[in-house]
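Colleague: Dropping a structure here in structure tokens format, bear with me for questions.
Every number here is computed from the coordinates shown, using simple stated rules; none is lab data. None of the values given here were measured: they were computed from a predicted structure. Positions of Cβ are backbone-derived with ideal geometry, glycine not excepted, and every protein chain shown enters the neighbour counts.
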Amino acid sequence: MQAFDIIAFVHSNDEEDTFLIPSAVRRIPEFSSNDEELISSVVAGTIPSYELEGKLGDCRRAVGIRREALRRITGSSLEGLPFDGFDYASILNQCCELPIGYVQLPVGIAGPLLLDGKHYYVPMATTEGCLVASTNRGCKAIAKSGGAMSVLLRDGMTRAPVVRLPSARRAAELKAFLENPSNFETISVVFNRSSRFAKLQSIHCALAGRNIYIRFSCSTGDAMGMNMVSKGVEYVLDELKKDLLPYSLTSTSSNFCSDKKPAAVNWIEGRGKTVVCEAVIEEEVVKNVLKTNVSTLVELNVIKNLAGSAVAGSLGGFNAHAGNIVSAIFVATGRQDLAQILESSHCITMMEAVNDGQNLHVSVTMPSIEVGTVGGGTQLASQAACLDLLGVKGGSETPGENSKRLAAVVAGAVLAGELSLISALATGQLVKCHLKYNRSTKDTCKF
């Protein structure tokens, strides 16, 4: 029978909640005399901490030794950081280096999200009270109005190396060569050798003096594809250097990609999946579920999301809180590069009255959703379970279908979140609901 520890949590209003936590999660590892020697060596610096997994061949033991060495070095107890209950071998050489434990995050469920005729229950990992409840309300409004529809406009991951030529003229010559349609097939053959899933789609170049920035775009199957496209880029650059003209490679990535940064090139040309998701919300649903009216939502969307973001000089941020939903789904489903939340959250939310002003047409356009269903953290047990819940776990029979479906679900959930938050702002419910879900007060919330 599994043992539990009773943990008490005291709120700011002096009310107390108790929780049962599996004892194994909180158990401090025990050490043998051999372990003590290793711990002392790590503390003294004679054995690098990063060598423990390789030396021991036991990932759990390596983590315990590293953790204890850190505790002795820093004086921190690390008591609140769980140790047991995690498969450390599953992250070796692919997800996280120098592990000392893991962080627990609650996963909530929003839905069903009726999208493209199918119901999805969307997993969201978050510590922000109200987020899941609000998204869930948006899902309810969409479902009661017949569901949402999505369309994929583009699917291509990018990588842009920077190459320095002897002169600006030579850089311009290389640009002309790379962008000449008659040369594309030859370049594609070289690029596509790098992977059975990589398919070069386009090449777009920009110059700054004698530096040329080459933005390669390719399809990557069900993988997010950064490593795949980078490998293909190296194949092409090696071939160019050998057969065309000498150059010095400054960097495999030049920020013209643009990865993990808000950038106009992603907002305009897209990166990863470009998805539009829309729904028509019936007047009665707006009134009874969202607790507001169509004209108020349309006006507030213009003033807040469009004009407000313009006043702020926003880049890709013409929305209420797309990043909230994107980040929660990314964490739950094992996105390897969480910083890609930045460009993946680019979104413009549109609302307008239709059918003689009775119903609300709402849409989100997201040009750079960067998702994958294979690789990175998608193979970890918890994240794989969330992907399986959505029906997009692993690679699909038709390469790319699972990752495209996941991108559509992200956009659909953002649509739901936008509907609910704008409605909460329109009715003055935002602060009250956050106080309820974030401060544990007894206030009521209409979500």
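Colleague: Compare the Cα positions of ASN355, VAL302, VAL42 along the charge dipole of the chain (+1 at Cβ of Lys, Arg; -1 at Cβ of Asp, Glu; about the Cα centre) and return the one farthest towards the positive end.
Modeller: Ranked along the dipole, the leading option is VAL302.
Colleague: I'd like the Karplus ³J(HN,Hα) series for segment 167-178: coefficients 6.51, -1.76, 1.60, θ = phi - 60°, whole numbers in Hz, and an x wherever there's a Gly or Pro.
Modeller: Here the 3J(HN,Hα) series is 8, 5, 4, 5, 5, 5, 5, 5, 4, 4, 5, 5 Hz.
Colleague: Not counting the cut sites, what is the longest span of the chain without GluC sites (Glu not before Pro) that DSSP labels loop and that have at most 13 other Cβ atoms within 10 Å? The partial results should precede the final answer.
Modeller: On the way: sites that count: GLU15, GLU30, GLU79, GLU97, GLU397.
Result, exposed sites excluded: 98-396.
Colleague: While we're looking at this one, here's another question. Hey, got a sec? Which chymotrypsin sites (Phe, Trp or Tyr not before Pro) in segment 171-227 land in a DSSP loop and have at most 10 other Cβ atoms within 10 Å? The partial results should precede the final answer.
Modeller: Values: sites: PHE177, PHE184, PHE191, PHE197, TYR213, PHE216; in loops: PHE197.
Of the chymotrypsin sites (Phe, Trp or Tyr not before Pro), not one in the loops of segment 171-227 has a Cβ with at most 10 other Cβ atoms within 10 Å.
Colleague: For a quick check of your reading of the filter: which trypsin sites (Lys or Arg not before Pro) in segment 131-238 sit in a DSSP loop and have no more than 10 other Cβ atoms within 10 Å?
Modeller: Working: sites: ARG137, LYS140, LYS144, ARG154, ARG159, ARG164, ARG169, ARG170, LYS175, ARG193, ARG196, LYS199, ARG210, ARG215, LYS231; in loops: ARG193, ARG196, ARG210.
Filter output for segment 131-238: ARG196.
Colleague: Here is a further query. Tell me, what ³J(HN,Hα) does each residue in segment 46-54 have, in order and in whole Hz, if you take phi through Karplus 6.51 cos²θ - 1.76 cosθ + 1.60 with θ = phi - 60° and put x for Gly and Pro?
Modeller: 3J(HN,Hα) across segment 46-54, in whole Hz: 7, 10, x, 4, 6, 8, 4, 4, x.
Colleague: Between LYS261 and GLU299, how many nm apart are label points set 7 Å from Cα along the C-beta direction?
Modeller: My value for the distance between the label points is 4.1 nm.
Colleague: Which of LYS118/LYS140; LYS199/LYS404; LYS175/LYS241; LYS199/LYS273; LYS231/LYS393 have a Cα-Cα distance over 20 Å? Before the final figure, lay out the partial values.
Modeller: Details: LYS118/LYS140 14 Å; LYS199/LYS404 16 Å; LYS175/LYS241 14 Å; LYS199/LYS273 15 Å; LYS231/LYS393 25 Å.
As for pairs spanning more than 20 Å Cα to Cα, those are LYS231/LYS393.
Colleague: Here's another thing I want to ask about it. What does the C-alpha gyration tensor say about the overall shape of segment 28-91? Classify as rounded when a/c is under 1.5, otherwise prolate if a/b is larger than b/c, or oblate. Walk me through the numbers on the way to the answer.
Modeller: On the way: a/c = 1.62, a/b = 1.07, b/c = 1.51.
Here segment 28-91 falls in the oblate category.
Colleague: Looking at the chain as a GNM with Cα springs under 10 Å, which of LEU360, LEU415, LEU105 has the largest mean-square fluctuation?
Modeller: Most flexible of the set in this elastic network: LEU105.
Colleague: Go ahead and run the numbers for FRET between ARG169 and SER202, Cβ-Cβ distance against an R0 of 22 Å, rounding to 0.05. Before the final figure, lay out the partial values.
Modeller: Numbers: r = 24 Å, r/R0 = 1.11.
Between ARG169 and SER202 the formula returns 0.35.
Colleague: Ok, one more. Over the chain, one equal point on each Cα, no solvent: what is log10 I(q)/I(0) by the Debye formula at q = 0.07, 0.12, 0.13 Å⁻¹?
Modeller: Evaluating at q = 0.07, 0.12, 0.13 Å⁻¹ gives log10 I(q)/I(0) of -0.46, -1.11, -1.20.
Colleague: For segment 372-429 and segment 78-97, what is the separation of their Cα centres, given in Å?
Modeller: Taking the Cα centre of segment 78-97 as reference, the centre of segment 372-429 is 24 Å away.
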